[in-house]
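Every number in this text was worked out from the coordinates using simple rules, so none of it is lab data. All of these numbers come straight from a predicted model, not from anything done at the bench. Cβ atoms come from the backbone with ideal geometry, glycine included; neighbour counts cover every protein chain shown.
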Amino acid sequence: MKANDTQKRLRIYFTGVGGQGTLTATTLLARTALEAGLEVVAGEVHGMAQRGGVVESVLLLGGWRSPKLDFGEADVLLGFEPLETLRGLPYLRHGGAVFSSSDPLPPVSVSLGQASYPDMARIEEQTRMVAGQCRFIPCRELGLQAGSAQSGNTVLLSAVCASGVLPFGVDALEAAIKKYLPAKLQESNLKALELGRDVLG
Amino acid sequence: MSNDPLLRGARGERHLLLGNEAIVRGALEAGVHMVSCYPGTPSSEVADTFLRLGGEGRYRLEYSINEKVALEVAAGGALGGAMSLVSMKHVGLNVAADPLFTSAYIGLPGGLVVLSADDPGCHSSQNEQDNRYYARFASLPCFEPVSAQEAKEMTREAFRLARELQQPVMLRTTTRVSHMRGPVDFDDLPAPQPKLEFKRDFGRFVPVPAVALRRHAVLDANMEKARQIAESSRFNTEKEPVGGQTRLGVIASGVARNYLADALASGGWEERVRVLELGMTWPLPADLISAFLQKCDGVLVLEEGADLLEQSVRALAQKRGLAVRIEGKDATLTGRGEYSTTLALRRLAAWLDCPCPAKPARPVDTNLPGRPPNLCPGCSHRAVYYAARQVFGDDAVYSSDIGCYTLGLLPPLRTADFLVCMGSSISAGSGFARASDKPVVGFIGDSTFFHSGMTGLANAVFNHHNLLLVILDNGTTAMTGHQPNPGMVQQMLGDMSAHMDMEAVVRGLGVTQCARVRAFNLKAVTKALEEMKDKAGVRVIIAEEPCALYARRRLRKAQPQVAQVAQQGAEALRCLERLACPAFYRQGDKLAVDETLCSGCMVCLQIAPTAFKAKKR
């Protein structure tokens, strides 16, 4: 790998809960990258894992080929649910970037009172120990402000695009939303895009 | 008319496709006429994409009732001159193995491509068998794509070869390839290939023993032709480092090719080894590999799954008298689970005797609450399982089957004690009951019943077995994404296929003790279970209720009401503990219902009538 390639080659790990729409978000970001002229490979797992379980996916930019990440390989972790961010943390390389929702979706064991959900302070503290930069964003809340809980995913994507860790910015994501999302979802997602861009302040 | 780029896209266009969608485009570019399948992760999106596209007269698609039937239909189509594709998951090929082997003997003029989607790592499967064995076992040329682009290209090439040699060809993917997305450059989309006229030939197509022996020789000759094609296939590529001095080589096949490329890039080792990547992996391109071995003193073989390539390379070196050190599987790279870039890095570092750039993994926090997959809120299986547990408790042994309902194994429902394969709830349940004193309750879904439950049920009647079978009929193939099956209502099947009445089938197979209930009618389900509990012989309860996701997304059923907690206390908490609906959540010692998750099945109201009430949404 040449030195100048290193900067372009990025591995992004997505994690969330089945039904949240993380795979749709992965595909949207993949299309954004492809439109930006980057080499793109995305990886997903369908099937049994989607029934309320953890859903992981990856997006590789700049020439990586392997659509599956191992621990310590991800440059960026996008967590659509804070407990899953914590669970997915081993995938992050030391000094990588974390963008995560701070709105919990308790697993059944927690709902049933058999286990307790980790403290948000503990999640943030453990994340900071590994990550070079990290942001926890009330994605569900902002998504609802924009029009639906699902558009909270766009809040997160917009925030990571605005942060500068990706080789493209919010404008590229905006263009992809306009090109690829169905008309009825445009308004809430474009609103979510603004909220995500502004949340970093 | 579909606007989908898979049907509309012209030569030169580039689209981001799922691996399985790229296979569809490849089949269309090849000119496919017939597609059959039985759905199964990770293969399902292939047929589902053909279904979505409609085809506009290009091809005929069918969801067969099982993989054996699907392969026979496709083989029959190819005998009739059609270019045919059959798709299934890896364990499906076990079901279809019988017609597979004989198809290769008689040869299929129209051309048949068999897609086997393997699942290393058992993401959605009961084993991680390596179906490259089948390519060798049954003598099928085999292609293994590792990118979306290759998935399209190799599919097209597989069809070309299948028709040229009149031999079935295997396209073998793994989960990561089926479910990867990447850019795909399109070629022309020609009209479907001409169908070939069937010419009667008793000496070929009817494999009585004398014919079969002759055809075995023809098969061997055809595989020799396929080997020559593999020797110069553009999918088998050698990369020589700049300078070309090194005497170390790596041979990689399958998804390990990706891990190798990324590991060599990460380690900065691209100039230290020569690489042979195999994409057309069977028949083995023996001359190509020999030539590669001759340039090496040491060779490392990288392949996920079994050590098939490694053993073949070892045998080849021995046969051709090549003095080269061959390494492959070891404690780092085993025959189990999936590989990764980091694993390949570690193995390469040890082999090249240089420091490994991959840092040791940080400890994983194992104390986090788990999030296993679960039956959905409003899943009718949960209602039936609850009733069964109330009636039988731990007295019965629960014989489970393959589908969403396998998730009944989780507490508090715990209604799965053993499982072998599709359809085994009935036949393995029959055998268990014969060996044991315990009553056996089997659970099977509608699609699985039509897949391979019917034969087991006929056998149970024929052999006087003693089993209570509950058919969890949710009217669709839920786990794999709501594909059609004979239990689906006619309105949803449309003109494509015909509905079959479950009870008529059950009674037609000779079952006389059969009850039909609504799964959400807890009283009726409980009563049916209690009545059947005291009887002997083969008993069947058909518990009907559409899959909750299917009802909402496809049947567009309204959900006019939600459950609400009317009274906190022991009754409410008992319901929480025994039903464990994911729409419930606990706040301190209080219970609440998440209205966004509740589907309004009202099973909780029937269990705890004073604790819950219905509310208009």
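Compute a Gaussian network model of chain A, connecting alpha carbons closer than 10 Å, and tell me which residue from A:A36, A:A183, A:A175 fluctuates the most. Highest fluctuation of the listed residues: A:A183. Derived value for segment B:1-124: Kirkwood hydrodynamic radius 14.7 Å. Basis is the mean of 1/r over every pair of different alpha-carbon atoms.
Between A:E194 and B:K613, the FRET efficiency estimated from the beta carbon spacing at R0 = 41 angstrom works out to 0.50. Across segment B:492-504, computed HN-Hα scalar couplings (Karplus, 6.51 cos²θ - 1.76 cosθ + 1.60, θ = phi - 60°) run 7, 6, x, 7, 5, 8, 10, 5, 10, 7, 4, 5, 4 Hz from first to last residue, x flagging Gly and Pro. The gain in end-to-end length when the B:K359 to B:H464 segment is fully stretched comes to 31.7 nm, 0.36 nm per residue minus the alpha carbon separation.
Applying both filters, DSSP loop and at most 15 other Cβ atoms within 10 Å, to the trypsin sites (Lys or Arg not before Pro) of segment B:1-49 gives B:R11. Treating r as the C-beta distance of B:R574 and B:R552 and R0 as 22 Å, the FRET efficiency rounds to 0.20.
Each Lys or Arg adds one and each Asp or Glu subtracts one; over the other residues with Cβ under 12 Å from the Cβ of B:A460, this totals +2.
Dipole of the protein assembly as shown computed with +1 at Lys/Arg Cβ and -1 at Asp/Glu Cβ about the Cα centre; of B:V384, A:A121, B:P372, farthest Cα towards the positive end is B:V384. Along the axis of the charge dipole computed for segment B:115-158 (Cβ charges of +1 for Lys and Arg, -1 for Asp and Glu, origin at the Cα centre), the listed residues B:P141, B:N127, B:A151 are led at the positive end by B:P141. Where the only charges are on Cβ atoms (+1 Lys, Arg; -1 Asp, Glu), what is the dipole of segment B:29-113 about its Cα centre, to the nearest 20 debye? For this selection, approximately 40 debye. Please check which bits of segment B:42-69 a label hung off B:D495 would reach, taking the label as a point 7 Å along Cα-to-C-beta and the cut-off as backbone N under 18 Å. Answer for segment B:42-69: B:51-63.
The antiparallel fraction among DSSP beta bridges confined to chain B stands at about 25%. Measure up B:K295/B:K319; B:K557/B:K616; A:K184/B:K615; A:K68/B:K359; B:K68/B:K89; B:K557/B:K615 against 20 Å on the Cα-Cα distance and list the ones that go over. Going by Cα-Cα distance, A:K184/B:K615 fall outside the 20 Å limit.
About its Cα centre, the dipole of segment B:173-212 is roughly 260 debye, where the only charges are +1 on Lys and Arg Cβ and -1 on Asp and Glu Cβ. Only helical runs count toward this figure. For the protein assembly as shown, summing -39,500 (n - 2.57) over DSSP H runs of n ≥ 4 and dividing by all residues gives -11500 deg cm²/dmol at 222 nm.
Taking a sphere under 11 Å around the Cβ of B:G111 and counting the other residues whose Cβ falls inside, with K and R at +1 and D and E at -1, yields a net charge of +2.
How charged is the neighbourhood of A:M129? Take every other residue with its Cβ under 13 Å from the Cβ of A:M129, and add Lys/Arg as +1 and Asp/Glu as -1. Net of charged neighbours comes to 0. Cβ-Cβ distance of B:R52 and B:T332, R₀ of 41 Å, FRET efficiency by 1/(1 + (r/R0)^6): the value works out to about 0.45.
The amide H of A:S101, built 1.01 Å from its N in the peptide plane, has A:G79, A:F80, A:E81, A:I137 as neighbours under 5 Å, considering only residues 5 or more places off or on other chains. Normalised Debye scattering of the protein assembly as shown at q = 0.05, 0.07, 0.10 Å⁻¹ gives log10 I(q)/I(0) of -0.28, -0.56, -1.17, counting only Cα atoms as equal scatterers and leaving out solvent. Give me the percent relative contact order of segment A:75-201, please, defined on Cα pairs under 8 angstrom at least 6 residues apart. Relative contact order, segment A:75-201: 22 percent.
Once the gyration tensor of the Cα atoms in chain A is diagonalised, the equivalent ellipsoid follows with semi-axes of 24, 21, 16 Å, ordered largest first. The phi torsions of segment A:85-94, fed into the Karplus equation with coefficients 6.51, -1.76 and 1.60 and a -60° offset, translate into couplings of 4, 5, 5, x, 3, x, 6, 6, 6, 4 Hz, rounded to whole numbers, with Gly and Pro shown as x. Site pair B:E271 and B:D188 shows an inter-label distance of 4.5 nm when each label is modelled 7 Å from Cα along Cα→Cβ. Under a 5 Å amide H cut-off, with hydrogens placed 1.01 Å from N, B:N236 pairs with B:G279, B:M280 among residues at least 5 apart or on other chains.
Here the Karplus curve 6.51 cos²θ - 1.76 cosθ + 1.60, taken at θ = phi - 60°, turns the phi angles of segment B:406-421 into couplings of 4, 5, x, 5, 6, x, x, 6, 6, 10, 9, 9, 8, 7, 10, 6 Hz, with x standing for Gly and Pro. For segment B:364-460, trypsin sites (Lys or Arg not before Pro) meeting the loop criterion (DSSP other than H, G, I, E, B) and having at most 15 other Cβ atoms within 10 Å: B:R414.
Amide H contacts under 5 Å for B:I326: B:V299, restricted to partners 5 or more places along the chain or on a different chain, H placed in the peptide plane at 1.01 Å from N. In this rough spin-label picture, where each label sits 7 Å from Cα along the Cβ direction, the B:K527-B:R434 distance is 3.6 nm. The dipole here belongs to chain A: it is taken about the Cα centre, uses +1 on the Cβ of Lys and Arg and -1 on the Cβ of Asp and Glu, and is about 340 debye. Counting neighbouring Cβ atoms within 10 Å and putting the fewest first, the residues A:F71, A:F80 line up as A:F71, A:F80. Spacing of the modelled spin labels on B:Q587 and B:D201, each 7 Å from Cα toward Cβ, amounts to 7.5 nm.
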